[in-house]
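Encoded as structure tokens, the structure appears first; notes follow it.
The values are calculated or read from the model by the stated rules, or taken from the named source; none is laboratory data. Note that the structure is predicted; figures quoted are calculated from it, not measured. Here the Cβ is made from the backbone with ideal geometry for all residues, glycine too, and neighbour counts use every protein chain on show. Note: accessible area is taken over every heavy atom of the protein model, side chains too, but ligands, DNA and RNA are not part of it. Shrake-Rupley method; radii C 1.70, N 1.55, O 1.52, S 1.80 Å.
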There are 6 protein chains.
Amino acid sequence: MSVVVQNIERANAGTIEALGKCGVATVHEAMGRKGLMTPNMRPVWSGPRLAASAVTISSPPGDNWMLHVAIEQLHAGDILVLAPTSPCSDGYFGDLLATSAMARGALGLVIDAGVRDVVELREMGFAVWSTAISAQGTVKETLGSVNVPIVCAGVAVNAGDIIVADEDGVCVVPRLEAETVLEKAQARAANEEAKRQRFAKGELGLDMYDMRGRLSAKGLRYV
Amino acid sequence: MSVVVQNIERANAGTIEALGKCGVATVHEAMGRKGLMTPNMRPVWSGPRLAASAVTISSPPGDNWMLHVAIEQLHAGDILVLAPTSPCSDGYFGDLLATSAMARGALGLVIDAGVRDVVELREMGFAVWSTAISAQGTVKETLGSVNVPIVCAGVAVNAGDIIVADEDGVCVVPRLEAETVLEKAQARAANEEAKRQRFAKGELGLDMYDMRGRLSAKGLRYV
Amino acid sequence: MSVVVQNIERANAGTIEALGKCGVATVHEAMGRKGLMTPNMRPVWSGPRLAASAVTISSPPGDNWMLHVAIEQLHAGDILVLAPTSPCSDGYFGDLLATSAMARGALGLVIDAGVRDVVELREMGFAVWSTAISAQGTVKETLGSVNVPIVCAGVAVNAGDIIVADEDGVCVVPRLEAETVLEKAQARAANEEAKRQRFAKGELGLDMYDMRGRLSAKGLRYV
Amino acid sequence: MSVVVQNIERANAGTIEALGKCGVATVHEAMGRKGLMTPNMRPVWSGPRLAASAVTISSPPGDNWMLHVAIEQLHAGDILVLAPTSPCSDGYFGDLLATSAMARGALGLVIDAGVRDVVELREMGFAVWSTAISAQGTVKETLGSVNVPIVCAGVAVNAGDIIVADEDGVCVVPRLEAETVLEKAQARAANEEAKRQRFAKGELGLDMYDMRGRLSAKGLRYV
Amino acid sequence: MSVVVQNIERANAGTIEALGKCGVATVHEAMGRKGLMTPNMRPVWSGPRLAASAVTISSPPGDNWMLHVAIEQLHAGDILVLAPTSPCSDGYFGDLLATSAMARGALGLVIDAGVRDVVELREMGFAVWSTAISAQGTVKETLGSVNVPIVCAGVAVNAGDIIVADEDGVCVVPRLEAETVLEKAQARAANEEAKRQRFAKGELGLDMYDMRGRLSAKGLRYV
Amino acid sequence: MSVVVQNIERANAGTIEALGKCGVATVHEAMGRKGLMTPNMRPVWSGPRLAASAVTISSPPGDNWMLHVAIEQLHAGDILVLAPTSPCSDGYFGDLLATSAMARGALGLVIDAGVRDVVELREMGFAVWSTAISAQGTVKETLGSVNVPIVCAGVAVNAGDIIVADEDGVCVVPRLEAETVLEKAQARAANEEAKRQRFAKGELGLDMYDMRGRLSAKGLRYV
């Protein structure tokens, strides 16, 4: 029942990097407003913005043994994504594990649970999104699995999916949709820049999107 | 049922500015401890402090159409105040709408829901207090109303009321009470400065407020 | 029923200071993973790290009278620890009380309720951990107690216990265990530095902790 | 600042009773989907269903003094509606106050806080909707107000407004809208009965509401 | 993007019925402790216990249009499973939709959002598990999808998966695992009955499971 | 570190039984409004009311091994009181453990975590107060302690303390205070009956407690 899937497929590194430049809000829109984790998934320090390839972990509550197992599976450019098998706020991860993960080339961690050593993580520049900050220690007694499908903060994640994350939250792009989503996201970003300039000059969304007729037809009255 | 009230009254600009200088805690005390939004209403970036005149918005969950309608109603010095008609954490507002609102002279947004593009909002200096940060997109399908009475994060807000907001939270001053509240707040601020100096010299509140007799009468025992 | 215990014992100042240097996560581990407050107890500004001797306060909801009583009991190097007698998010404490507590030599406050004037607290360098930020004012009508045993954010605290707090949270070390815990914490910190260097060179936890055999025996399969 | 408004206007008793028969969901729809309290406002025992005229109370956290003041203002057919001035779960109300309120002809209580003696309240048939059940006692030290405008569980309530409440929650009908809302609610109820019979025979909403064309136009695809 | 998948596979009806008899706790254990929804997913009335085949719905917040579309896809013995695309507590479902779903042979609803008309649902015997009870109405403006993969209350659900639900919560059995899980669940249930009888006679788990040696080896001390 | 304290002192059985008759609200008042657990500690079925002697358990998250150890320590009239070492909603306890505990004479369980098999627990008449209902299974891998001091739902509990619990919640009476509290509680109960009769006849609290003068002195105005 407890397995480590060793050979997983990853998306093209250039595609991943380009998705990271688009940012979460744009990528999420480009995907048809899917794939966003719940809003309690927050960065533990301000500033990180990345895209990376997911190594997934399913762990029991209060047990971080599988993180050690997962770190061996990391490639450069990967991100750890951990979901506990039941709700838990314990601190599964701190500066020692971050040091180990960075030595393997990992870029960060997304965890539907807690982390600790947040000052050190910030100083190391190791990007972490979590649903709690807690010094509460964990044990290494019960197995879980690595690189199996998980549900993390409301979103299904498969190993090799692309995680796009910044201060707006965390979005999951299925590996096979990466190219298509990137194309749409880049088109959207270009389009937004044009809109931004028109808005900055004082043009109203009501006019830019030609909304007045539809608002009136729906029954909006000005008094 | 869905209306836009176009001509609203606003408080005197000097009064509004002066309230902003007093800060939330002082204004809230000066009002008799009324008008404070619930503590989950937080600034999305650190540092903003303002007072501004409210343009109110009532919006369906997951639908930000009325924000476009409301932006047309903004005057310089206004702030948007949005309450969804049922609990919602979606990202109603981001950098494009902020660009549009700033072009109209708006100072910020108070929203009992989510916003996105928080890095860009911070860089633009557009002040936002919200109850969530979420990249989750919204639709433009269902009408709401603008400049009608709303309840936002536990407080009744009317268009033209003064919003005072800083890192302690958000307080609402009814437009017709603005002058009275300002007077009391300024008196309180002056009084606090004198107290601060006495406290800094080591004087105890027990003595400054002459509490010892009343504590003893209520039955406090020292052991 | 309402008492102020005046003569409390405190741990050795050097021991307290040394615990502060170890940090919350290390001290919590050294104690056998006990004594950590719930994760919603957070610093109101980023950066503080301290250890201090607890002056405890039991207060009614929405009533901060006992803070004035407690401040008289403060010695240099103390920290106020307040638990309301029922759940409350009101702002019990602000810059005036902080000025008074600092004049007595106090280092900070831990409160299972709200505080206000957070900008001023940050500027003053007065360290505060709280479960809420709220400008909501309190009254001075009902007695509580000072330096009695309390439960704060899930942990039992006695006057004179050592509070260790940083960005990972707040941990309580019973006064009589302080020396033993310090010894274990320092040993642990030294040990961690050695591990950090090995992790940084790419050694895996699987090998460093000799986990492979036990994982296999428990049934972990690599596929 | 602390006032008791003694002479308040109430809606017609027959109108109130008729609204109660319509139930919360129907009345809420008839009002244009306004006036519903947040979903954490729940009945403390199963079964109650009523409409009644509001006597409003604004009370400090952990202080139920104003309930005694409010009970004197009750008329037969009234309901007490209490909002604390900051979030509080204490047990403001129990079987003694219920006995007193029943003796005045009151039908129930809606409270954005806690109550106790729930077994006795059920046995007495005194209807209570609350956001908490807690035996935590309260004091009688600080004034509030009676029959002033309040915000209770997200909804503005004025004295004399009609409270409609059942197992689906609590809805507030402004006094001056009572007749209009009743008319719409009754029309809606009649209409629903007809629909129910058609649904029971197997007719689909897709056909009954003629939705297929609009779904197709919006882009729904069957695969 | 918005699709209705019409032809879905369902598990064997006898297998489904047999899983229902095992109950949630047993089935969840038989699956290796997977598939359980979060504990805030609760029955709206006491007593229901079933297993049924899932018809899945992905809906926007505050929009129940897709429920009408989904009802047409129901077969006898099915259960509706709805996940909103962002957190929402609105009342998507009430007695009219229940009447329609029952007319199609559906057994119930699992929804990570709100329902209303709970008295009527109980009287009708229509089983509902939800994360909220709310009379808040919804609109019919924005498309979603039917019978696509969803994540509901933390668990991935595919159309045709078996939902096992009772007062302990809701568990999802993947369709292709149904036979295997049933076998294990039935074995487990038989085994539990034997244990129950031994426990009832006073035998201790310490002896029945031969735990004493292992506890001692781990270091448990009796004092 | 992990210990089982075998010989604990218990209060007089008659005292315990008499406290149970007083009920939670009365006992809590008689103690000076101390000792009440947080309001999310609720009975899993309606009706139970008891007082019993605590056998305490400190358990890791998601690990129920210590329950088996604790059951051996039960005497007739005891109640299990479990606090996890970090927040956890897993189902630690079900009908098998209840069967075992009942065979030892235990009356119930208070747990700051989850339980399962709630239908069976109700049928067996085994009283349970918990903060969650969840079928989520637990492991038996990590030690905890039995009959050590714990903090459960915000209250410090020692082995042998008296747990008083009903539908209003759970209150903890320190063993050595049991006689004094009982005396005060019985006096209070007698006093309440007299008040109830006066309230039932229409006498107002304002008059019964002679509040009018004090209200007026504090500044209450009737308008």
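Shielding of peptide F:153-162 by partners, expressed as the average count of other chain Cβ atoms within 10 Å per residue Cβ, is 2. Helix B:13-22 and the longest principal axis of the Cα set of chain B meet at an angle near 50°. Bridge orientation summary for the protein assembly as shown: considering DSSP beta bridges with both residues in this region, about 45 percent are antiparallel.
Between the helical axis of C:178-200 and the longest alpha-carbon principal axis of chain C there is an angle of about 50 degrees. Picking from C:D166, C:D207, C:D117, which is most flexible by a Gaussian network model of chain C using Cα springs under 10 Å? Of the options given, C:D207 has the highest mean-square fluctuation.
What you get for the stretch A:43-162, charging only the Cβ of Lys and Arg (+1) and of Asp and Glu (-1), is a dipole of about 160 debye around the Cα centre.
When the Cα gyration tensor is reduced to axis lengths a ≥ b ≥ c, the ratio a/c is 1.5 or higher for the stretch E:41-84, and with a/b not above b/c it is classed as oblate.
Of the cross-linked pairs B:K34/C:K140; D:K21/F:K201; D:K34/D:K195; A:K218/D:K218, those separated by over 26 Å at the C-alpha level are D:K21/F:K201. Ordering of F:52-59, E:98-105 by packing is F:52-59, E:98-105, highest average first (other Cβ atoms within 10 Å, averaged per residue). Looking at the stretch A:83-223 alone, DSSP beta bridges between its own residues are antiparallel in about 55 percent of cases. Think of chain A as having a plus end and a minus end, set by charges on the Cβ of Lys, Arg, Asp and Glu; of A:T99, A:P48, A:Y209, A:Y209 sits farthest toward the positive end of this dipole. Relative to one another, the C-alpha centroids of the stretch C:87-133 and the stretch B:1-27 are positioned 29 Å apart.
Between the beta carbons of C:E123 and A:R212, assuming R0 = 51 Å, the FRET efficiency works out to 0.55 to the nearest 0.05.
Highest mean packing first, where packing is the average number of other Cβ atoms within 10 Å per residue, the peptides E:4-11, C:144-151 line up as C:144-151, E:4-11. Scalar couplings 3J(HN,Hα) for the stretch D:140-148, obtained by applying the Karplus form with A = 6.51, B = -1.76, C = 1.60 to θ = phi - 60°, are 10, 10, 10, 6, x, 9, 10, 6, 9 Hz; x denotes Gly and Pro. Viscosity 0.692 mPa s, temperature 37 °C: give me the Stokes-Einstein translational D for the stretch A:73-223 in µm²/s, with Rh taken as the Kirkwood radius over C-alpha pairs. D, rounded to a whole number, is 175 µm²/s.
Sites listed here are chymotrypsin sites (Phe, Trp or Tyr not before Pro) in the stretch D:162-223 whose DSSP assignment is loop and whose Cβ has at most 16 other Cβ atoms within 10 Å: D:Y209. All Cα-Cα distances of the stretch B:1-137, cut into 5 Å bins from zero to the largest, leave 2, 10, 20, 24, 21, 15, 7, 1 percent in each bin in turn.
Between A:T142, A:W129, A:G114, the Cα set farthest toward the positive side of the dipole of chain A (charges on each charged residue's Cβ, about the Cα centre) is that of A:W129.
Between the amide H of C:V4 and those of B:R221, B:Y222, B:V223, C:V146, distances stay under 5 Å, these residues lying 5 or more places away or on another chain, with hydrogens modeled in the peptide plane. Shape analysis of the protein assembly as shown yields a ratio of the Cα radius of gyration to the Kirkwood radius, Rg/Rh, of 0.94.
Here the dipole of the protein assembly as shown is about 0 debye; that uses its Cα centre as origin and unit charges on the Cβ of Lys and Arg (positive) and Asp and Glu (negative). Using a Gaussian network model of chain D in which every pair of alpha carbons under 10 angstrom is joined by a spring, one finds that among D:K201, D:K184, D:K140 the greatest mean-square fluctuation is at D:K201.
What does the C-alpha gyration tensor say about the overall shape of the stretch B:158-223? Classify as rounded when a/c is under 1.5, otherwise prolate if a/b is larger than b/c, or oblate. Because a/c hits 1.5 or more and a/b exceeds b/c, the stretch B:158-223 counts as prolate.
The dipole here belongs to chain D: it is taken about the Cα centre, uses +1 on the Cβ of Lys and Arg and -1 on the Cβ of Asp and Glu, and is about 1000 debye. In the context of the full protein assembly, D:E179 retains an accessible surface of approximately 100 Å², using a probe radius of 1.4 Å and ignoring ligands and nucleic acids.
Shielding of peptide F:183-191 by partners, expressed as the average count of other chain Cβ atoms within 10 Å per residue Cβ, is 0. Return the calculated 222 nm mean residue ellipticity for chain D, to the nearest 500 deg cm²/dmol, obtained by summing -39500 (n - 2.57) across DSSP H runs with n ≥ 4 and dividing by the residue count. Counting only the DSSP helices, I get -9500 deg cm²/dmol.
Legend: residues A:M211, C:M1, sorted from most to least accessible area (1.4 Å probe; ligands, DNA and RNA excluded), read C:M1, A:M211. Comparing A:R49, A:R196, A:R122 in a Gaussian network model of chain A, where Cα atoms under 10 Å apart are tied by springs, the biggest mean-square fluctuation is seen for A:R196.
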